[in-house]
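Derivation of every value follows stated rules applied to the coordinates shown; laboratory data play no part. Everything numeric in this text was worked out from a predicted model, so none of it was measured. Virtual Cβ from ideal backbone geometry, glycine too; neighbours counted across all protein chains shown.
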Amino acid sequence: MRKADRAKDADWALAVFDKAPYVTVSMTRPDGTPYGLPLSLVRDGADTFYFHCAGEGEKLDCIRRNPVVSLSAVSKCSPRYEEEKMNFTEHYHSAIAVGRAEEVCDRDEKIKALKLICERFLPKFMDRFDAAIARSLERTTVIKITLAEPPVGKCKE
C-alpha cells in the first residue's frame, strides 16, 4: 500500500471512530484473560482518544497492569439479502486501532477531555459544564489512549 493510501485509510478509519456512538476498548485482565467493553470515547487530534470513568474498577485494574489496548468501532451496519446473487451479506464501515492507555493527572488536560466528551455527546447542555466540573472533577477519572500506529478501516457497501 502506498503511503498516500495509508494516510487516506487512517483518516477514513478515524471518521468511523468519530461516527460510532460507542467504541469497544479491549484490554487484558491481570490474569491474562481478555476484557472488552463499549465506551463513549472522544477523539482529540489524529492519535488521542479520551474516556471517563470512576476511580476504581476492572478497567483501571487492567490498564494499570497492562496499558496496551485495542479499539474497534462500527459506524454503519446493514444486513442485506442480495436477490441477484441469492446471498446474505452485511454492509458495514468498521475501524480498529491499537494504543496505550494512561490516567490523565494534569487538571487542565482532564477538564479539556471532559469538555470534549460533553461537547460530543451532550452539546445542548454545555451551559451546565462548569458547575458539573466544580462538583465532580476530583472524583472523575479520565483515561487517555494514544494510538501506537495509524488506525485501519474496512467497509463493504
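Overview of results
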quantity: Packing-based ranking, highest mean first, of 120-126, 100-106, 55-61, 21-27 given that Cβ atoms within 10 Å are counted; calculated: 21-27, 100-106, 55-61, 120-126
quantity: Fully extended contour minus Cα-Cα distance, from Ser70 to Lys19, at 0.36 nm per residue; calculated: 16.6 nm
quantity: All Cα pairs of the chain, percent lying beyond 21 Å; calculated: 52
quantity: Full-stretch length increase - Leu137, Glu119 - with 0.36 nm per residue and alpha-carbon distance subtracted; calculated: 4.8 nm
quantity: Estimated 222 nm signal from helices in the chain, with DSSP H stretches of n ≥ 4 weighted -39500 (n - 2.57), rounded to 500; calculated: -9500 deg cm²/dmol
quantity: The chain: DSSP helices with Cα axial extent of at least 30 Å and average Kyte-Doolittle hydropathy no lower than -1.0; calculated: none
quantity: Relative contact order (%) - the chain, alpha-carbon pairs under 8 angstrom, separation at least six; calculated: 30
quantity: Listed residue (Cys118, Ser94, Ile145) projecting farthest to the positive dipole end of region 3-156, Cβ model; calculated: Cys118
quantity: Nearest-20 debye value, the chain charge dipole, Cβ charges on Lys, Arg, Asp, Glu; calculated: 100
